[in-house]
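Notes follow once the structure below has been shown.
Just so it is clear, none of the values below were taken in a lab; they were calculated from the coordinates. No experiment lies behind these values; they were computed from the predicted model shown. As a convention, Cβ positions derive from the backbone with ideal geometry for all residues, glycine included, and neighbour counts pool all protein chains shown.
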Amino acid sequence: MRASQLFGYTNHTAKIDFESVSAYVTSMQTAIQAGQLISEREFYGSVRLRSHSLASLATNGIDYLEFRGFDLNPYAITGMTQKQLDFLHLFFTYLLALPKQAGTLGERLQQGQAVNEQIALENPNQPSSQQTILVQIMADLHQFILDYHFEPRFLAAWDVMNQQVLDYQLTTSYQLAQAIQDHSLTAFGLKQAQSMKQELLAKPYQLQGYTDMELSTQMLMFDAFQKGLHVAVLDRADQFVELTYQKHHELVKNGNMTSLDQLVSLPLVDNKVVTKILLANHGMRVPAGAEYTDVETAVADYQVAFGQRALVVKPKSSNMGAGITTFVTRPTEADFKQAFQLAQAYDSRVLVEEYIAGSEYRFLVMNQKVQAVLERVPANVVADGRLTIEQLVAKKNDNPLRGEEHLTPLQNIRLGEREQLILKQQGYQVTDIPARGSQIFLLQNSNISNGGDSVDVTDEVDPSYFAIAEQAAKVLNLNIAGIDIIMPNLYQAYNPEHPEMAVVLEANYNPAMLIHLFPMMGKRRRVTKKVLELLFPEM
């Protein structure tokens, strides 16, 4: 009904000419000047030729086509399922491959509108009067898929639509007619709206239609849509998108890897030794340590040089806390060797560093200005006196904010070899029931990607620490960076005579923005908007 010329959205007086781009622009301008349309946006045709403006359309041609003649699917939370979109993609590709038909474009449009009107007003409880034609079109489409070797998802989308062509009782219109036969359409609509609202609010951090992508990328795309940028997903699995404003194009990977940073930044920050040398040369306090390629040499130094120190054993190059083991007390030689081997699974070169006591903070720096500060608490559980550690972890992982692959604001806590090694240092096994109220740490490194908790403290940390993070980003020549700093007291102003008040652990060239967008506690920081501001200053 919505697509009907009689009952749906339509412009009865405005006649828009599609014979050419210039004819389209001229007829649109004429309709606006005659008062038949308020603006181009009021034209309710099933297709609109789009550019930045009518003037741009006349000069530069069509940027894209806007299809408007679709009824929303009341059973899909986004108004249209992925299979419906895939079928439309397939169908439009098929139309492009057809030879030009006889007659003028205007005549063919009139014929199409007449058929559309007929189908729009058909009884949904009966087969379509056009079923014979539809069956033939679907057969042609199937052959088209086979001839041009389309991806399996297009065949799956065709199959769903073909079943609806063969059996009208599978169509959305029939299902809707059955749903409202004893109730009003308004009552049905309210029921569906309430159900979908509840579903959306359960996961407000997701961008529907792109929930398989990393969360920082989802939110960057959401903000880009809001600003009117054209967003093209180039590679979903690799989080590669292209953003366009007029003739300005920018490529973005993982939400914040952009042309703003230099090629050398990635290998520089990946190399934790070089990073520490550069920061130390500019007067910043960094953890003392040494690099090893074989466990025998490391063990010899462990026995002689490290004394009774607490230690951190980690790969020379790693991200998101992978392969890092922290010992807050001197480990046994066996545990030290095990930690070394865990680190070597990620890099043959292993760093053994002094453990720095204090809370760890992530400073997100963009354009050498701090945008957000997050306190990162290592993965932990709080005992209730009844559940085992294993059960406490499972209970905490039930939080809908937790998940895997950076598709949720927080990551699940694991109970792998590394976590059990840390529990052993505290005298626990996963089957133990700790005393009520005791906090049990599964890791000592505080990466959110390893199940840690996040607390926004941007408005609480003393501003004197901002300068340290900003200087670190400047020294490493990073435009978008995550600087990790350990501080005993975030409220106490930094004193240069006591550099131990701020120890820079490392820098990250691809900082996960999602931890600032949706912290476990504290204020949310929409840092994705700052990325767009840096990429498109003209907006």
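So the values come out like this:
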quantity: Options Pro537, Pro511: the member that is surrounded by fewer than 16 Cβ atoms within 10 Å (Cβ to Cβ), part of a loop (DSSP other than H, G, I, E, B) and under 23 Å from the mean Cα position of the chain (by Cα); calculated: Pro537
quantity: Strands (runs of 3 or more DSSP E) lying entirely in segment 413-495 (those with 1 or more residues that are among the acidic types (Asp, Glu) and touching a Pro at 6+ places or on another chain (Cβ under 7 Å)); calculated: 453-456
quantity: Which listed residue, of Glu66, Glu42, is of a type in the set (Asp, Glu), under 30 Å from Ile137 (Cβ atoms), loosely packed, with under 15 Cβ neighbours inside 10 Å and under 39 Å from the mean Cα position of the chain (by Cα); calculated: Glu66
quantity: Selection from segment 277-294 of residues that are in contact with a strand residue (DSSP E or B) (Cβ under 8 Å, 6 or more places away or on another chain) and either touching a residue at least 60 places away in the same chain (Cβ under 8 Å) or assigned to a helix (DSSP H, G or I) (or both); calculated: Leu279, Met284, Arg285, Val286, Pro287, Ala288, Gly289, Ala290, Glu291, Tyr292
quantity: Failed item in (1) assigned to a helix (DSSP H, G or I); (2) basic (Lys, Arg); (3) surrounded by fewer than 20 Cβ atoms within 10 Å (Cβ to Cβ), with Lys523 passing the rest; calculated: (1)
quantity: Residue count for segment 45-56, restricted to those that are out of contact with any strand residue (DSSP E or B) (no Cβ under 8 Å at 6 or more places or on another chain) and either in a loop (DSSP other than H, G, I, E, B) or within 25 Å of Glu117 (Cα to Cα) (or both); calculated: 4
quantity: Unmet requirement for Ala224, which otherwise passes all of (1) more than 32 Å from the chain's Cα centre (by Cα); (2) surrounded by 13 or more Cβ atoms within 10 Å (Cβ to Cβ); (3) in a helix (DSSP H, G or I); calculated: (1)
quantity: Yes/no for Ala58 being over 30 Å from Asp212 (Cα atoms) and surrounded by 14 or more Cβ atoms within 10 Å (Cβ to Cβ); calculated: yes
quantity: Filtered residues of segment 183-207 (kept if in contact (Cβ under 8 Å) with a residue 40 or more places away in the chain and either among the aromatic types (Phe, Trp, Tyr) or over 20 Å from His516 (Cα atoms) (or both)); calculated: Phe188, Gly189, Gln192, Met196, Glu199, Leu200, Tyr205
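Quick grid of which residues meet (1) in contact (Cβ under 8 Å) with a residue 12 or more places away in the chain; (2) farther than 30 Å from Ala157 by Cβ; (3) touching a strand residue (DSSP E or B) at 6+ places or on another chain (Cβ under 9 Å):
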{"position": "Ala31", "(1), (2), (3)": "yes, yes, no"}
{"position": "Gln36", "(1), (2), (3)": "yes, yes, no"}
{"position": "Glu40", "(1), (2), (3)": "yes, yes, yes"}
{"position": "Phe43", "(1), (2), (3)": "yes, no, no"}
{"position": "Ala58", "(1), (2), (3)": "yes, yes, no"}
{"position": "Tyr64", "(1), (2), (3)": "yes, no, yes"}
{"position": "Met80", "(1), (2), (3)": "no, no, no"}
